[in-house]
Amino acid sequence: MSKNAAAGAAQIVRLVVPAGKATAAPPVGPALGARGVKSIDFVKDFNARTANLTPGTPTPVLITIQPDRTFTFITKSPPTSYLIKQAAGVELGSGETGRPNVPPAGTLSLKHVYEIARIKQRDESLKGVGLESIARSVVGSCKSAGVEVVP
């Protein structure tokens with residue numbers, strides 16, 4: 001493909017940026033600067049849009065950069081593993097639950113699982129997915145993180 005053909009398409013950049021704490025430092029600066037976008041413009045918009053979240057919450061963002069170097073972005077809900085660790089009050093998971101002699105890193109109630117599922121349901125990519133399906137996925141993530149789900 002020639003250089004001119006590639007230049008006519010929009011580019012998509014995926015980053016995880018701390019809510020309200022975006023700076024022109026990595027990962028934002030290099031990712032946008034390499035594509036000719038002023039990172040300070042993104043930083044101001046992103047920090048304003050995430051001001052209502054707990055500062056520092058990892059926030060996935062999808063940035064679409066047009067050939068004229070303008071951009072738009074959408075923010076997504078924090079990663080499921082982050083929400084699980086926050087709800088369980090643990091720093092790190094213990095690995096798979098159910099292994100002998102390995103205690104769970106923490107526990108979550110089904111109520112917490114459904115609260116996390118409701119947060120994830122707001123993501124555009126999960127709009128058509130049922131709450132129960134998302135909750136089952138959250139339970140799977142809990143097992144992977146070594147967090148036990150109790151009724």
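The values are calculated or read from the model by the stated rules, or taken from the named source; none is laboratory data. Keep in mind that this is a model prediction, so the values were computed, not measured. Positions of Cβ are backbone-derived with ideal geometry, glycine not excepted, and every protein chain shown enters the neighbour counts. Keep in mind that these areas ignore ligands, DNA and RNA; they rest on the heavy atoms of the full protein, side chains included. Shrake-Rupley method; radii C 1.70, N 1.55, O 1.52, S 1.80 Å.
If you scan the range 10-58, which residues turn out to be part of a helix (DSSP H, G or I), β-branched (Val, Ile, Thr) and open to solvent by 80 Å² or more (accessible area, probe 1.4 Å)?
Hit for the range 10-58 is 40, nothing else.
Please go through the range 142-151 and pick out each residue that is open to solvent by 40 Å² or more (accessible area, probe 1.4 Å) and not hydrophobic (A, V, I, L, M, F, W, C).
Scanning the range 142-151 gives 143, 144, 148, 151.
Considering only the range 59-79, state which residues are surrounded by 14 or more Cβ atoms within 10 Å (Cβ to Cβ) and either out of contact with any helix residue (DSSP H, G or I) (no Cβ under 6 Å at 6 or more places or on another chain) or not in a loop (DSSP other than H, G, I, E, B) (or both).
59, 60, 61, 62, 63, 65, 71, 73, 75, 76, 78, 79
With respect to residue 95, determine if the residue is at pLDDT 90 or above and not charged (D, E, K, R).
No, not satisfied.
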